[in-house]
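J.: This is the structure I want to talk about, given as C-alpha cells.
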Amino acid sequence: MITLYTFGPYFGLPDGSPFVTKAMLLLKLAGLAYAEDRGGYGRAPKGKLPYINDDGVLIADSTFIRFHIEKKYGFDFDAGLDPAQKATGWAVERMCEDHLNWAMIAARWVDEANFAKGPAHFFDAVPLPIRPIVRSLVRRKVRSSLIAHGFGRHAEAEAFVLAKRDIDALATLLGDKAFLMGKTPCAADATAFAFIAHLLSPTFNAPIRTAAERHANLVAYRDKIMRLYFPAFA
Ligand SMILES: N[C@@H](CCC(=O)N[C@@H](CS)C(=O)NCC(=O)O)C(=O)O
C-alpha cells in the first residue's frame, strides 16, 4: 500500500506543487495504485513534499520516489531509450526542477497579485488570528531561499530571459512528438508535464505563462497528459 503525501489540488491542477504532480504521474505511469494524504507536511522527512509511505518505508523527494519505484517494482521509466536520450531526459529534469522552478516560485510568491490569488491560499486552514503571521513568515522564508539560490537576485526582466530559454528548449525538444522522447512517456515526461502544467495555470498572470502559451505543442502536450492521467482536471 502506497500513500503519497500531497498538498491537495490548487490552481486547477492535481496538486499545488509541481513536484507532487510529478510524483503522482510517476506512480500512474508505473501503474501503481496509491492513496493521497494531505496531512503529512508536518512529518515530512526532508521538510518538503512529496514523500511516500510504501508499506512502512518512507521515501522523500520526487526523484528518490522514482528510484524506489524502479528498484522495488522493477519498472523502468526510461525503457527503450538510448544513453543519449536518458542523459537528455535527466538534463531536462534538472533544468525544470533546479532552474525553471525558481522562476515559477518568483512569479507566484513575489508578485503581489499572484501571491494573493495563489500561495496565500495554502494557509486558508490556519486559524484566523495567526493566519496573516504564518503567511508572511513563510513568504519571507521563500523570498530568502530565492536570494540564497541566486535566482532571486536577478531583475525581473533578466529572470524572464533565463526562464524563457528553458521554456523554448522544452518546446524545441518536444517538437511534434507525442512525448519528449517519442511515442511513450519516460521519466522526464513526469517532470516536464508537471512544470508545463503549472506554468500554464490560468490562475497566474506572468510572462512565463505567456511564453509557454505561445508554444502550441506545449499546450497540446499538457492537455493530452491531463486527459490521459488526470481526467478530472482536463
Ligand atoms: N527536490 C524535491 C523538491 C520538493 C519541493 O521543493 N517541495 C516544495 C513544494 S513545491 C515544498 O514542500 N516546500 C515546502 C517547504 O519548503 O517548506 C523533490 O523533488 O521532491
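The values are calculated or read from the model by the stated rules, or taken from the named source; none is laboratory data. Source: prediction; values computed, not measured. Cβ sites come from the backbone with ideal geometry, for glycine too, and all protein chains shown count toward neighbours. Note: areas computed on protein heavy atoms with side chains; ligands, DNA, RNA excluded. Shrake-Rupley method; radii C 1.70, N 1.55, O 1.52, S 1.80 Å.
J.: Lysines near Lys46 by alpha-carbon distance under 24 Å, same-chain residues fewer than 8 away left out - which ones?
T.: Lys22, Lys28, Lys71, Lys72, Lys141
J.: Averaged per residue, what accessible surface does segment 2-73 expose to a 1.4 Å probe, in Å²?
T.: Normalised by residue count, the accessible surface of segment 2-73 is 43 Å².
J.: Next question. From the residues Ala171, Ala79, Cys186, which one has its Cα farthest along the dipole of the chain in the positive direction, the dipole being from +1 and -1 charges on Cβ of Lys/Arg and Asp/Glu about the Cα centre?
T.: Positive-end residue among those listed: Ala171.
J.: Where only protein heavy atoms count, and the probe is 1.4 Å, what is the accessible area per residue for segment 83-233 in Å²?
T.: I get 50 Å² per residue for this part.
J.: Residue by residue, what Karplus-based ³J(HN,Hα) values in Hz, rounded to whole numbers, does segment 214-228 have, using 6.51, -1.76 and 1.60 with θ = phi - 60° and x for Gly and Pro?
T.: With coefficients 6.51, -1.76 and 1.60, one gets 5, 9, 4, 5, 5, 5, 5, 5, 4, 4, 5, 5, 4, 4, 6 Hz.
J.: Given a 1.4 angstrom probe, I'd like the percentage of the accessible area of the chain that is carbon and sulfur, rounded to a whole number.
T.: Working: 6760 of 11290 Å².
Summing carbon and sulfur atoms, their accessible area is 60 percent of the total for the chain.
J.: To the nearest µm²/s, what D does Stokes-Einstein give for segment 52-136 at 37 °C and 0.692 mPa s, using the Kirkwood radius over alpha carbon pairs as Rh?
T.: Stokes-Einstein gives a translational diffusion coefficient of 201 µm²/s.
J.: Rg and Dmax in Å for the chain, alpha carbons only: what are they?
T.: Spelled out, the Cα radius of gyration and Dmax of the chain are 17.4, 56 Å.
J.: Please give the charge dipole size of the chain, origin at the Cα centre, charges +1 on K and R Cβ atoms and -1 on D and E Cβ atoms. Round to the nearest 20 debye.
T.: 520
J.: Sticking with this structure for a sec: Please name whichever of Val138, Leu162, Leu128 sits farthest to the positive end of the charge dipole of segment 115-166, dipole taken about the Cα centre and charges placed at Cβ: Lys and Arg +1, Asp and Glu -1.
T.: The listed residue farthest towards the positive side: Leu128.
J.: Let me ask you something else. Which whole-number percent of Cα pairs in segment 2-73 have a distance greater than 18 Å?
T.: Of the Cα pairs, 27 percent sit more than 18 Å apart.
J.: Largest first and in whole Å, give the semi-axes of segment 184-228's equivalent ellipsoid, each being the square root of 5 times a Cα gyration tensor eigenvalue.
T.: 19, 10, 9
J.: If you place +1 on the Cβ of every Lys and Arg, -1 on the Cβ of every Asp and Glu, and leave all else neutral, what size is the dipole of segment 143-227 about its Cα centre, to the nearest 20 Debye? Let's see the in-between values first.
T.: Numbers: 11 positive and 8 negative charges, 27 e Å.
Here the size comes out at about 140 debye.
J.: What dipole magnitude, in Debye to the nearest 20, does segment 2-73 give about its Cα centre under +1 on Lys/Arg Cβ and -1 on Asp/Glu Cβ? Provide the component values of the computation, followed by the final result.
T.: Numbers: 9 positive and 7 negative charges, 33 e Å.
Computed about the Cα centre, the dipole is about 160 debye.
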